[in-house]
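The values are calculated or read from the model by the stated rules, or taken from the named source; none is laboratory data. Everything numeric here is computed off the predicted structure, so don't read it as measured data. Cβ sites come from the backbone with ideal geometry, for glycine too, and all protein chains shown count toward neighbours.
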Amino acid sequence: MNLKAALTAYLLTQAGVTDLVSQRIYYRAIPQQSGFLPAVLIARTGCQREYDLAGQPIGWATATVRIGVASGDDQLSQQIADAVRAAMTALLASSANPAIGGIPIQTIELNDDPEEPYFAWEGEDQGVCPVELEYEIAYNENP
């Protein structure tokens, strides 16, 4: 299982998240059809791998993962973002050796955490109140 699939599966087990978005957790794109909100969107936007002195990968990587939430209401968007934050914090606190989907997690760092949802500009999706959280997740690609 890769990090994207493991993170999606993990968030789908978190009642605090699914109580608000049901099963609407997507990767890279939210379907543009009625009933698609509220939703969570996961995107891995970068990855740095560690190498030994011979230039061989050692298995540890740090991925930049953006977890966006969107709804038609700014308060609901913030509630969903709070639930995602709590789920990500609980992941590290869950054991001495945290893992998701069999992938060992070394650290999870929240890099960008906006105070409130931002609103669409004219010509963009109107009535959508998104919040975007950016995480750095250090994990073992070859457990």
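Within the set Leu7, Leu92, Leu20, the sole residue that is under 16 Å from the mean Cα position of the chain (by Cα), modelled with pLDDT under 90 and in a helix (DSSP H, G or I) turns out to be Leu92. Among the residues of segment 59-89, count how many are assigned to a strand (DSSP E or B) and under 12 Å from the mean Cα position of the chain (by Cα). Going through segment 59-89 one residue at a time, the tally reaches 7. State whether one or more residues within segment 30-45 are closer than 17 Å to Glu109 by Cα and more than 16 Å from the chain's Cα centre (by Cα). Scanning segment 30-45, I find no residue that is closer than 17 Å to Glu109 by Cα and more than 16 Å from the chain's Cα centre (by Cα), so the answer is no. Within segment 46-58, restricting attention to residues that are assigned to a strand (DSSP E or B) and either of a type in the set (Asp, Glu) or touching a residue at least 40 places away in the same chain (Cβ under 8 Å) (or both), the residue that is farthest from Gly16 (Cα to Cα) is Pro57.
For segment 110-122, the criterion of being among the acidic types (Asp, Glu), surrounded by 12 or more Cβ atoms within 10 Å (Cβ to Cβ) and either modelled with pLDDT of 90 or more or outside any loop (DSSP other than H, G, I, E, B) (or both) is met by no residue.
Listed conditions (1) more than 18 Å from Tyr135 (Cβ to Cβ); (2) surrounded by fewer than 17 Cβ atoms within 10 Å (Cβ to Cβ) are all met by Arg24, apart from (2).
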